[in-house]
1. If you filter the range 77-152 for GluC sites (Glu not before Pro), then keep DSSP loop positions with at most 16 other Cβ within 10 Å, what is left?
2. Length gain on complete extension for the stretch residue 123 to residue 95, per 0.36 nm per residue less the alpha carbon to alpha carbon distance?
3. Quick query: amide H of residue 59 versus all other amide H atoms, modeled in the peptide plane; which residues come in under 5 Å with a sequence gap of 5 or more or a different chain?
4. Going Cα to Cα from residue 200, which lysines come in below 21 Å? Please leave out same-chain ones fewer than 8 positions away.
5. Given the range 153-237, what whole percent of its Cα pairs are spread farther than 19 Å?
6. Rounded to the nearest 500 deg cm²/dmol, what is the calculated helix-only ellipticity per residue at 222 nm for the chain, with -39500 (n - 2.57) per DSSP H run of length n ≥ 4?
7. Only loop residues by DSSP count here, and only those with at most 16 other Cβ atoms within 10 Å; note down the trypsin sites (Lys or Arg not before Pro) in the range 106-158 that meet that.
8. Binning at 5 Å from 0, report for the range 130-186 what percent of all alpha-carbon pair distances ends up in each bin.
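Here, each number is a calculation from the coordinates, and none is a lab measurement. Bear in mind the structure is a predicted one, so any value in this text is a computation, not a measurement. For neighbour counting, all protein chains shown are included, and Cβ atoms are generated from backbone atoms with ideal geometry for every residue, glycine included.
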Amino acid sequence: MAAAADEILRRATDGVASQGKFTIALSGGTTPRALYALLASTERHERSWRAGLPWDRIHFFWGDERHVPPEHPDSNFRVAQDAMLSKAPVPAENVHRILAESSSAELAAEAYAEHLRTFFRLEAGQWPRFDLILLGMGADGHTASLFPESEALYDQTRIVAAPWVEKLKTHRVTLTPPAINNAAAVVFLVQGEEKAHRVKEILEGELAKPLYPAQLIRPSRGALIWILDRGAAKLLRSYA
Ligand code: 6PG
């Protein structure tokens, strides 16, 4: 987790120094919870990421969200809010959550896309360029809420989509691959032995047919960084 915290600290301080602000899209699930807590931690024994982060210049977005209200335990916003945003000096106007309490995921997606077009001052056909997008990965190779066989995988026109996820029997709201791939940096934070096989396939294997969603993430003008724990990295040649 410290490696991910260091990467965020470095990029955030550089970004604020050069452009006066830093935009980060947070990931959901369980893995980043510990990272968020670390970033906001006031524990003296931990390198103080909290003290170094320019919180008032960082704008927090999400890469995806479940179709639930913000107070719901499954909400990706709530995970970050409880672990970090409520514990750090973040101005409320710097928190740009997906309004997933909307009656339809499609409406939430359209509202989020409109918010991104406004915030990033996009012309028609332009993509937001986040300074950093944090992503996780499931054992099936999904990332954000881009799941295998999802209709959102090959969407080349929308910034945000609201795909039906058959395996979860629910809609999700997610940035699309072209929106993610326009970022200045994408960091995959992956933990757990149960993902080691997929990590090896994606980082060292042949390109799957069809590609796993995580394989669609290749920033066209940006960095792609994988941060793995021992369990997730254990099958990699480069790790042996
Ligand atoms: C979500 C995430 C999703 C997550 C992976 C890994 O909304 O669930 O965006 O892409 O990153 O499912 O989740 P874990 O960290 O819980 O393994």
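1. Qualifying residues, ordered by number: 101, 123, 149, 151.
2. Numbers: separation 28, 0.36 × 28 = 10.08 nm, distance 2.29 nm.
7.8 nm is the gain from fully extending residue 123 to residue 95.
3. Result for residue 59 returns 22, 23, 24.
4. Output for residue 200: 209, 234.
5. On the way: 1758 of 3570 pairs.
That tail contains 49 percent of the Cα-Cα pairs.
6. Numbers: 8 runs with 70 residues, N = 240.
Taking each H run of at least 4 residues, the total per residue is -8000 deg cm²/dmol.
7. Values: sites: 117, 121, 129, 158; in loops: 121, 129, 158.
Here the sparse-neighbourhood loop sites are 121, 129, 158.
8. Each 5 Å bin holds this share of Cα pairs: 4, 20, 29, 27, 14, 5, 1.
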